[in-house]
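Inspection log for the structure reproduced underneath, given as structure tokens.
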Amino acid sequence: MPASESQRQQLKGIIEQLSISIEASQTLGGTSSELAEIESTLQQLNQKMMKLSNRKILEFYDPDYGNDLRKILPCSPFSGYFNPIAAKLKIYSVDDTVVAEGEFGLIHQGPPNCVHGGIISGVYDQVLAYCGIANGTPGFTASLRINYLKPTPLFKPLRFSCQISKIDERQIHIEGQCYCVEELLSTAEGLFIHYEKRDNP
């Protein structure tokens, strides 16, 4: 049975609180007793959550995403509304281009004050795939190449922009760029294999 709107809002609230906790954990300090108290509280909460786990009510894929492409995969670790480690990106399409805008926090850190390159790669993979979906050519990732030109800063507004560069039968070539204001930080080239849903015979 799909989640009701009320359940979705409650789950979003839970994910938001988990995200805050994970972010705070990256700079957490305190006395042994203070840390022990937090650990005990989290253990109690986890016990409650485990009793309600394995009852998944969220869909894997949401076809009714409108122009909010972040809805497509609700639990994606790179863009999902219902994943506490996903960056809070705004993902939408403008004509043939898909845009993702937002900031990254400490849970996405690699080098000091910079986003981990693996996170950038994952976001490109997700947003390039969304570009294919938004343009009516969904596909699976066959290859992905990232050119890291400059470090990607934490807590700065970033903008990913993706466009289809070529379609060759089932092969979809998609390109992307990441900017901080007007500064180009990285580029991506992805090859996707067009997926066509087939009815069972």
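Based on this model, can you work out whether LEU28 counts as farther than 19 Å from PRO74 by Cβ, over 23 Å from the mean Cα position of the chain (by Cα) and hydrophobic (A, V, I, L, M, F, W, C)? Full working, then the answer.
On the way: farther than 19 Å from PRO74 by Cβ: yes; over 23 Å from the mean Cα position of the chain (by Cα): yes; hydrophobic (A, V, I, L, M, F, W, C): yes.
So LEU28 passes the test.
To keep it simple, each residue is scored yes or no on (1) outside any helix (DSSP H, G or I); (2) at positive phi; (3) not polar (S, T, N, Q).
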site	(1), (2), (3)
SER6	no, no, no
GLN17	no, no, no
GLY29	yes, no, yes
LEU35	no, no, yes
SER76	yes, no, no
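Can you give me the number of residues within segment 146-158 that are assigned to a strand (DSSP E or B) and either among the β-branched types (Val, Ile, Thr) or under 22 Å from LEU69 (Cβ atoms) (or both)? Don't jump to the end; show me each part of the working.
Of all residues in segment 146-158, those assigned to a strand (DSSP E or B) come to 146-148, 153, 158.
From what's left, either among the β-branched types (Val, Ile, Thr) or under 22 Å from LEU69 (Cβ atoms) (or both): 146, 158.
Residues flagged as assigned to a strand (DSSP E or B) and either among the β-branched types (Val, Ile, Thr) or under 22 Å from LEU69 (Cβ atoms) (or both) within segment 146-158 amount to 2.
Looking for whichever is in contact with a helix residue (DSSP H, G or I) (Cβ under 7 Å, 6 or more places away or on another chain), of a type in the set (Gly, Ala, Ser) and closer than 18 Å to THR187 by Cα here; the options are ALA129, ALA100. Which one fits?
From the options ALA129, ALA100, the qualifying one is ALA100.
For segment 82-133, name all the residues that are more than 21 Å from LYS12 (Cβ to Cβ), in contact with a strand residue (DSSP E or B) (Cβ under 7 Å, 6 or more places away or on another chain) and in a loop (DSSP other than H, G, I, E, B).
ASP96, ASN113, HIS116
Any residue at all in segment 46-61 that is modelled with pLDDT under 95, within 22 Å of PRO2 (Cα to Cα) and in contact with a strand residue (DSSP E or B) (Cβ under 6 Å, 6 or more places away or on another chain)?
There is no residue in segment 46-61 that is modelled with pLDDT under 95, within 22 Å of PRO2 (Cα to Cα) and in contact with a strand residue (DSSP E or B) (Cβ under 6 Å, 6 or more places away or on another chain).
Looking for whichever is at pLDDT 95 or above and within 14 Å of the chain's Cα centre (by Cα) here; the options are ALA86, ALA134. Which one fits? Walk me through how you get there before you give the answer.
On the way: ALA134 fails: within 14 Å of the chain's Cα centre (by Cα).
The match here is ALA86.
From (1) touching a residue at least 60 places away in the same chain (Cβ under 8 Å); (2) at positive phi; (3) β-branched (Val, Ile, Thr), pick out the condition that doesn't hold for ILE164.
Here ILE164 clears every test but (2).
Mind listing just one residue for me: the one in segment 72-118 that is among the β-branched types (Val, Ile, Thr) and closer than 23 Å to CYS131 by Cα and, of those, surrounded by the fewest Cβ atoms within 10 Å (Cβ to Cβ)?
Step one: filter segment 72-118 for residues among the β-branched types (Val, Ile, Thr), giving 72, 85, 91, 94, 97-99, 107, 115.
Then drop every residue that is not closer than 23 Å to CYS131 by Cα, which leaves 72, 85, 91, 94, 97-99, 115.
Details: ILE72: 21, ILE85: 16, ILE91: 25, VAL94: 10, THR97: 15, VAL98: 26, VAL99: 17, VAL115: 26.
Applying the filter and picking the extreme gives VAL94.
Of the conditions (1) at pLDDT 95 or above; (2) outside the structural domain of LEU11 (by TED's automatic domain parsing); (3) touching a helix residue (DSSP H, G or I) at 6+ places or on another chain (Cβ under 9 Å), LEU42 clears all except one; give me its number.
(2)
Can you tell me which residue among ALA100, ALA24, ALA36 is assigned by TED's automatic domain parsing to the domain that holds SER121 and among the small types (Gly, Ala, Ser)? If you could, list the steps in order and put the result at the bottom.
Working: ALA24 fails: assigned by TED's automatic domain parsing to the domain that holds SER121; ALA36 fails: assigned by TED's automatic domain parsing to the domain that holds SER121.
Answer to the selection: ALA100.
The values are calculated or read from the model by the stated rules, or taken from the named source; none is laboratory data. None of these values were measured; they are calculated from a predicted model. Every residue, glycine among them, receives a Cβ derived from its backbone with ideal geometry; neighbour counts consider all protein chains shown.
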